1. Starting from the amide H of Ser258, placed 1.01 Å from N in the peptide plane, find each other amide H under 5 Å away whose residue is 5 or more places distant or on another chain.
2. Taking amide H atoms as placed 1.01 Å from N in the peptide plane, list the residues 5 or more away in sequence, or in a different chain, whose amide H sits under 5 Å from that of Phe201.
3. Would you kindly derive the ³J(HN,Hα) couplings of region 165-176 from the backbone phi angles with the Karplus curve 6.51 cos²θ - 1.76 cosθ + 1.60 (θ = phi - 60°), listing them in order in whole Hz, with x for Gly and Pro?
4. Which FRET efficiency value, to the nearest 0.05, do you get for Leu235 and Lys199 by plugging their Cβ-Cβ distance into 1/(1 + (r/R0)^6) with R0 = 35 Å?
5. Return, ordered by residue number, the residues of region 66-109 whose backbone nitrogen is under 14 Å from a label point located 7 Å along Cα→Cβ of Asp227.
6. Can you classify region 196-266 as rounded, prolate or oblate using the Cα gyration tensor, where a ≥ b ≥ c are the square roots of its eigenvalues, rounded means a/c under 1.5, and otherwise it's prolate if a/b beats b/c and oblate if not?
7. Return the long-range amide H neighbours of Glu241 (sequence gap of 5 or more, or a different chain), with a cut-off of under 5 Å between placed amide H atoms.
8. Taking 0.36 nm per residue of separation and subtracting the Cα-Cα distance, what length does fully extending His99 through Met70 add?
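Bear in mind that the values in this text are calculations on the coordinates, not laboratory data. Just so you know, these numbers come straight off a predicted model, no measurement behind them. Don't worry about glycine lacking a Cβ; one is built from the backbone with ideal geometry, like all the others, and counts go over all protein chains shown.
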Amino acid sequence: MSKRNTAMSTSSNGIVPKDAAAQPGMPPPPPRAYNLDTKGTNTLFQGADKQKMLLSSDVGHFSLIQALHMADLITLLNGFCGVMSIISSLRYALGDDPHKVNDIWWALAFLPFGFFFDAFDGKVARWRGKSSLMGQELDSLADLISFGVAPAMVAFVIGFRSTLDTYGLAFYVLCGLTRLARFNVTVSVLPKDATGKSKYFEGTPIPTSLAMDALMAYWVSQDWILDNLPLGVWLEGSLLEFHPAILLFVAHGCLMTSRTIRIPKP
């Protein structure tokens, strides 16, 4: 998960400037958003005001596009990679030959690129000194697609298809969703370093699902998919049929939602 919500700009003397006057024919700008940094000074999200005004005002058909920051566009590329991964998985599932795994490789290949864009958007936000609540929400939603839903879809198409398997995959995705929501709520109160970044992650960050992606890539390379999944299948033919390997996803979901695991941020 990127650290876009910590990309903030401050006035040089620590004094918050007054709100700009409303333009003729335009509603007054919304109140500025403040946050208390580690030195106890008021930090101003200067980029948030213009974005909020564009999003809340009737200023044209393309106001949403005008409101997007450069970092937001990079975040959308993260979401694009996740969506393309899901589509590639669906193409494999709709194919006639289960031994043609090119679409699975494409589904897995998109996910590291999603991580690249997820890390890069935070750097751009800090470089340009612009951050917003919309950017924070976009980041979480894109992460859920690329590191939650997309890996679960790959797991499903390579063989985790029993009823209990799908419950395990749903549990994993919902844990990622809950972890992202908790981050958005608690990020403002987590301890910060001198640059304003949170000092640690509570629970494993959702992009650590790349480890599961790498593991599934190895299984695909060894043709350990469908009926050949590692550890086989238990209770085959019953309502409780499941693949023991699905417990890896369940365990990963539990690690994401843990509050006792604290991973220092790089």
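1. Answer set, sorted by chain and number: Thr204.
2. It is Ile263, Lys265, by chain and number.
3. Once rounded to whole Hz, the list reads 4, 5, 4, x, 5, 5, 4, 4, 5, 5, 5, x.
4. 0.20
5. Those under the cut-off are 98-99.
6. oblate
7. none
8. Between His99 and Met70, full extension yields 6.3 nm more.
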